[in-house]
Amino acid sequence: MTTVVPTSEEDPALAVVRFTAELSWADAGPEVAEGQVNRLCLEAQECMIQNRWLDLASLMLTSADVIFSKASEKDLECAYTVICNLVNKPESLDQVHEMAELIVTKVTQQPNDKPVLRLKILFNLYNLLKNPYSQFFVYMKALNLAVSGKVTEYIVPSFKKMDNFLREWNLGVKDQRDLFLTVANILKDSKSSAKDSFNFLVKYLETFSGGDALTVAEAKEEAVHAVIEFVKAPDMFQGDLLDMPAIAQLEKDTKYALVYQLLKIFLTQRLEAYLDFHSSNSNFLESYGLVHEDCVAKMRLISLVDLGNSGSGQIPYSLIKDTLQIEENEVEPWVVKAITAKLIDCRIDQINQVVLVSRCTERVFGVHEWESLRSKLATWRGNIANVISTIQANKITEDATQAVQGVTIR
């Protein structure tokens with residue numbers, strides 16, 4: 001954040017008014033310019049004396065906007081730093097927010113002219129604000145400016161702090177939706193991590209849980225996009241998507257029922273089900289840019305994980321070969337791919353032609369999986385309690401034995 005360091009007796013705000021006025025009227029000639037500069041400085045002084053900080057900000061912004069294409073970026077940054085610091089003057093948070101709106105409106109009017117500098121000004125303003133709602137307002141305008149000015153690479157790093165932002169801002173549902181969807185689109189368009197974009201899109205869809213059908217219907221297009229992105233992604237295999245209201249509505253939708261059916265295959269079924277779906281809906285898959293070979297590869301990994309979860313911990317080579325519809329010499333390479341993707345932990349027993357599974361990723365982690373985990377934890381807790389009881393009992397017996405031996409020796 002830029003800090004204002006006064007270097008003369010003149011107030012920084014008056015210095016900025018004088019500087020911008022002189023540059024604005026420079027082409028009008030000395031006589032005209034001097035009169036206009038004096039007029040603007042007197043007007044600024046009156047605003048300061050009367051604590052009319054919003055009027056002062058408006059006056060300064062008007063001049064600063066005129067010289068935006070003339071002044072150097074360093075001078076502009078200094079001028080706008082002084083202007084932004086005016087938000088510390090009003091005592092009312094409503095007046096502060098009104099001033100922030102005024103500054104943001106001027107700064108974002110021409111997003112393609114020095115967009116990085118404009119973004120820097122907005123970040124400076126954000127850091128000066130105390131009111132969470134005003135901070136959120138400025139941040140959203142910064143997001144939109146970054147998109148319009150094609151400088152999203154400067155805003156993306158801030159997404160790592162999103163959890164902290166959300167705690168500070170305490171947003172309502174509507175603002176959350178605007179934020180999550182905007183961030184998801186920025187990440188998608190900036191070719192950033194597809195998984196990060198998908199995660200924010202899911203956060204957006206989650207805000208529709210518990211809403212009425214009309215409200216949930218607003219998210220239909222984004223729900224379809226989330227499903228297609230999940231199916232396309234070569235590194236996403238798990239998701240609690242089926243029960244989300246925004247996605248569940250697709251099941252009975254005449255236009256998007258096939259989208260829901262495809263998601264259900266990728267989350268709950270095996271390769272054979274996908275191949276049957278493809279044979280009847282190849283044009284549908286192509287219309288969404290889904291490559292059949294990529295889908296087959298993903299479903300083979302998913303099917304292998306499913307075998308590990310549903311078996312006794314041992315998967316015969318022959319079962320893998322039949323389920324994945326591959327040649328016998330391809331079994332081990334596919335197992336290695338699943339291990340590399342961290343979908344499965346196992347040992348390959350080449351002599352007995354089996355895969356010994358110790359852990360598999362759950363494809364869906366819903367209510368059933370939570371209940372199963374609770375049961376396992378309860379069992380482990382009971383086993384540990386039994387071990388502790390046994391150790392304590394043995395210690396008591398040992399202490400008693402030692403005590404008897406001590407009496408006998410004496």
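Keeping all protein chains in the complex and leaving out DNA, RNA and ligands, what accessible area do you get for Leu356 with a 1.4 Å probe, in Å² to the nearest 10?
40 Å²
Output the peptides 237-246, 387-396, 210-219, 79-88 sorted from most to least packed, where packing is the average of other Cβ atoms within 10 Å over each peptide's residues.
Ranked by mean Cβ neighbours within 10 Å, highest first: 79-88, 237-246, 210-219, 387-396.
For segment 209-269, what value does the Rg/Rh ratio take when both radii are computed over Cα atoms and Rh is the Kirkwood radius, given to two decimals?
Using only Cα positions, Rg/Rh for segment 209-269 is 0.95.
Two decimals, Cα atoms only, Kirkwood Rh: what is Rg/Rh over segment 197-347?
Value, to two decimals: 1.01.
Give me the dipole magnitude in Debye, nearest 20, for segment 79-121 about the Cα centre, with unit charges on the beta carbon: positive for Lys and Arg, negative for Asp and Glu.
About 300 debye.
For Leu143, Leu14, what's the largest-to-smallest order of accessible area, 1.4 Å probe?
So the residues, ranked largest to smallest area, are Leu14, Leu143.
Which whole-number value in Å² is the accessible area per residue of the chain, probe 1.4 Å?
Computed with neighbouring chains in place, this is 56 Å² per residue.
For Pro234, what charge total do you get from the other residues with a beta carbon under 11 Å from its beta carbon, if Lys and Arg give +1 and Asp and Glu give -1?
+2
Summing +1 for each Lys or Arg and -1 for each Asp or Glu, what net charge is found among the other residues whose Cβ lies under 13 Å from the Cβ of Leu125?
Summing Lys/Arg as +1 and Asp/Glu as -1 gives +3.
Place +1 on the Cβ of every Lys and Arg and -1 on the Cβ of every Asp and Glu in the chain, take the dipole about the Cα centre, and give the residue among Leu56, Leu262, Gly289 whose Cα lies farthest towards its positive end.
Projecting each Cα onto the dipole axis, the largest value belongs to Leu262.
List the lysines whose Cα lies under 30 Å from the Cα of Lys252, skipping any in the same chain that are fewer than 8 positions away.
Lys174, Lys188, Lys195, Lys203, Lys220, Lys232, Lys264, Lys298
How much accessible surface does Phe19 have with a 1.4 Å probe, in Å² rounded to 10?
Here the accessible area works out near 70 Å².
Tell me the volume per residue, in Å³, of the convex hull enclosing the alpha carbons of the chain.
285 Å³
Could you work out the local net charge near Lys321, counting Lys and Arg as +1, Asp and Glu as -1, over the other residues with Cβ closer than 13 Å to its Cβ?
The answer is -4.
Can you compute the helix-only [θ] at 222 nm over the chain? Use -39500 (n - 2.57) per DSSP H run of at least 4 residues, normalise by all residues, nearest 500 deg cm²/dmol.
-21500 deg cm²/dmol
Order the peptides 329-342, 175-188 from the highest to the lowest mean number of other Cβ atoms within 10 Å of their residues.
Output ranking for 329-342, 175-188: 175-188, 329-342.
Go from 0 up to the bin containing the longest alpha carbon distance in segment 284-362, width 5 Å each, and give me the % of pairs per bin.
Spelled out per bin, shortest first, that is 3, 16, 28, 24, 13, 8, 5, 3, 1, 0.
Using packing as a proxy for protection, rank 198-207, 274-283, 146-155 so that the peptide with the highest average count of other Cβ atoms within 10 Å comes first.
So the peptides 198-207, 274-283, 146-155, ranked by packing, come out 198-207, 146-155, 274-283.
The values are calculated or read from the model by the stated rules, or taken from the named source; none is laboratory data. From a predicted model like this one, the values you see are computed outputs, not experimental measurements. Note that we place each Cβ from the backbone using ideal geometry, even for glycine, and neighbour counts take in every protein chain shown. Ligands, DNA and RNA are excluded from the accessible area calculation, which covers all protein heavy atoms including side chains. Shrake-Rupley method; radii C 1.70, N 1.55, O 1.52, S 1.80 Å.
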